[in-house]
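Peer 1: Can you read through this structure? Questions will come right after.
Read-outs: derived from the displayed coordinates by stated rules, not from any lab. From a predicted model like this one, the values you see are computed outputs, not experimental measurements. When we count neighbours, we look across all protein chains shown, and the Cβ atoms used for this are built from the backbone with ideal geometry, even at glycine.
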Amino acid sequence: MDKQLFVQALVKFFGGVLLLGALLFLPAGTLYWREGWLLMGILFVPMFLTGLFMMKKSPELLRKRLNVREEQSEQKQVILYSGLMFLAVFLTAGLNCRFGWIVLPKAVSLIAAILFLLGYLLYAEVLRENAYLSRTIEVQEGQKVIDSGLYGIVRHPMYMSTLLLFLAMPLVLGSPLSFLIALLYIPIIAKRIRNEEEVLEEGLEGYREYKQKVRYRIIPFIW
């Protein structure tokens, strides 16, 4: 086992737990928030188990997923906008819990949690299918176009899964105001996809032909 990679993964994991916990429960003004704990559970338990699996079976893929250092200025902007969006989503949800502005029925949180877990299953399947799946936009040495499985349905199944995950989060928290903010993810991810496809067309052999074969980016028959 790569001890350095293991420590890096643990630091990022527990750092994420503490950060999200602070963003949720501090504005909520209480730890007694069932929807907040529900999101923490369905987010971090599968994340921890997936990390352990990748550490054992595919440490190189885990290393790529931990790397978030973008080189392109356009993608740095995407990361900034995404960070601001999530900050607003979680803070608004916490304040919504504290002041009870607009609170969704409990059943909505449970249904959204199921959709969130389905998004996680899609995410895990994409990781299984694509060993080149870095968090930064780049063409890796020896990389080939993958056109089977989910990649035979949409060109960016990872973004399909994250769209489901990120739009489900505010509903798990019972905050329609946060959901409206989370809709900003759509133009943000569209900007990222546009730049990513430009990089792949230029540097990855066969990608132009793949785009002609698989027409839809994220949602079959729609987008």
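Peer 1: Applying 1/(1 + (r/R0)^6) with R0 = 25 Å to the Cβ-Cβ distance of Val17 and Leu84, what FRET efficiency is obtained, to the nearest 0.05?
Peer 2: On the way: r = 21 Å, r/R0 = 0.83.
Efficiency for this residue pair is about 0.75.
Peer 1: Something else about it: What residue among Arg128, Arg98, Arg194 shows peak mean-square fluctuation when the chain is described by a Gaussian network model with Cα springs under 10 Å?
Peer 2: Comparing Arg128, Arg98, Arg194 in a Gaussian network model of the chain, the most mobile one is Arg194.
Peer 1: Still on this structure, I have one more. Specify which residue in the list Leu121, Ile42, Leu167 is farthest towards the positive end of the charge dipole of the chain, using unit charges on the beta carbon of Lys, Arg (+1) and Asp, Glu (-1), about the Cα centre.
Peer 2: So the residue we want is Ile42.
Peer 1: Counting only helical runs of four or more DSSP H residues, what would the 222 nm mean residue ellipticity of the chain come to if each run contributes -39,500 (n - 2.57) and the total is spread over all its residues? Please list the in-between numbers first.
Peer 2: Working: 9 runs with 158 residues, N = 223.
It comes out at -24000 deg cm²/dmol, rounded to the nearest 500.
Peer 1: Here is a further query. If you place +1 on the Cβ of every Lys and Arg and -1 on the Cβ of every Asp and Glu, how big does the dipole about the Cα centre of region 3-213 come out, in debye to the nearest 20?
Peer 2: On the way: 22 positive and 17 negative charges, 140 e Å.
Rounded to the nearest 20 debye, it is 680 debye.
Peer 1: Looking at the chain as a GNM with Cα springs under 10 Å, which of Phe86, Phe13, Phe116 has the largest mean-square fluctuation?
Peer 2: Comparing Phe86, Phe13, Phe116 in the GNM, the peak value goes to Phe13.
Peer 1: Something else about it: Sum up the lysine pairs in the chain that clear both bars: alpha-carbon distance under 21 Å and a spacing of 8 or more or different chains.
Peer 2: For the chain, qualifying lysine pairs total 16.
Peer 1: Please report, to two decimal places, log10 I(q)/I(0) for the chain at q = 0.11, 0.12 Å⁻¹ as given by the Debye formula with identical point scatterers on the Cα atoms and no solvent.
Peer 2: Taking Cα atoms of the chain as identical point scatterers yields -0.59, -0.70.
Peer 1: Report Rg (one decimal) and Dmax (nearest whole number) for region 99-223, counting Cα atoms only, units Å.
Peer 2: 16.6, 54
Peer 1: Here's something else I'd like to know. Span-like helices, the chain: DSSP H, alpha-carbon axial extent 15 Å or more, mean Kyte-Doolittle 0.0 or greater, which ones? Let's see the in-between values first.
Peer 2: Details: long enough: 3-28 (37 Å, 1.62); 34-57 (34 Å, 0.98); 73-99 (39 Å, 0.80); 106-129 (35 Å, 1.45); 157-172 (22 Å, 1.72); 185-203 (27 Å, -0.49).
Passing helices, by number: 3-28, 34-57, 73-99, 106-129, 157-172.
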